Each structure stands twice: as structure tokens, then as C-alpha cells.
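S.K.: First the structure, which I've put down as C-alpha cells, then a few questions once you've had a look.
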């Protein structure tokens, strides 16, 4: 029997251009997002989105190809899927 594939979807708040990045931290007090992702990249030409994917992949220990922004590509609040498709 093949290994079970585990997917999870998270709502994250992105802080582009942050000096603290790359950093992923839990935000239990934020009703809009379960994680805050600080990235150094600016929100220009998708650079911040690429930084978000890299930071989340590193945080969960998965390859970048297994992290996908499902919704909110142009917003600071994003829905992200982690795991093999």
C-alpha cells in the first residue's frame, strides 16, 4: 500500500519587505490568519510570493514544489496548500 498523502491548507498573513524575514510564526491572536510569514522580498513581480513559498517549505520541511498559493496572490492574506498534490 502506498504512503498516505497529507495535505493541509493554511491561511497566512504576509509581511513583505521585512527585516525579520524569512520567518514563519504562529499568530493565535489573529482571527484572519494562523501564521504570519515575514519575507525580505518586496511585493514586486511576484518576488514576495516566491519568498512565501520558500519560507513555508523550509518551515514544514517539504520541497518548494509541494507548496502552492491557492488564493490571494495579490493580497497580504493568502490561502496556502502544503503537501504533495
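S.K.: Starting from segment 58-83, keep only residues that are at positive phi, then list their pairs with residues that are in a helix (DSSP H, G or I) whose Cβ atoms are within a distance under 9 Å, requiring at least 6 positions of separation or different chains.
M.R.: Listed by first residue and then by second, the contacts come to 83/60; 83/66.
S.K.: Provide a single number: the residues in segment 1-57 that are buried (at least 19 other Cβ atoms within 10 Å of the Cβ), in contact (Cβ under 8 Å) with a residue 40 or more places away in the chain and farther than 15 Å from residue 79 by Cα.
M.R.: Final tally of qualifying residues: 1.
Taken together, the values in this text are just the output of simple stated rules run on the coordinates, not laboratory data. A quick note: this is a predicted structure, and the numbers were derived from the prediction, not measured. Every residue, glycine as well, gets a Cβ built from its backbone with ideal geometry; the counts of neighbours run over all protein chains shown.
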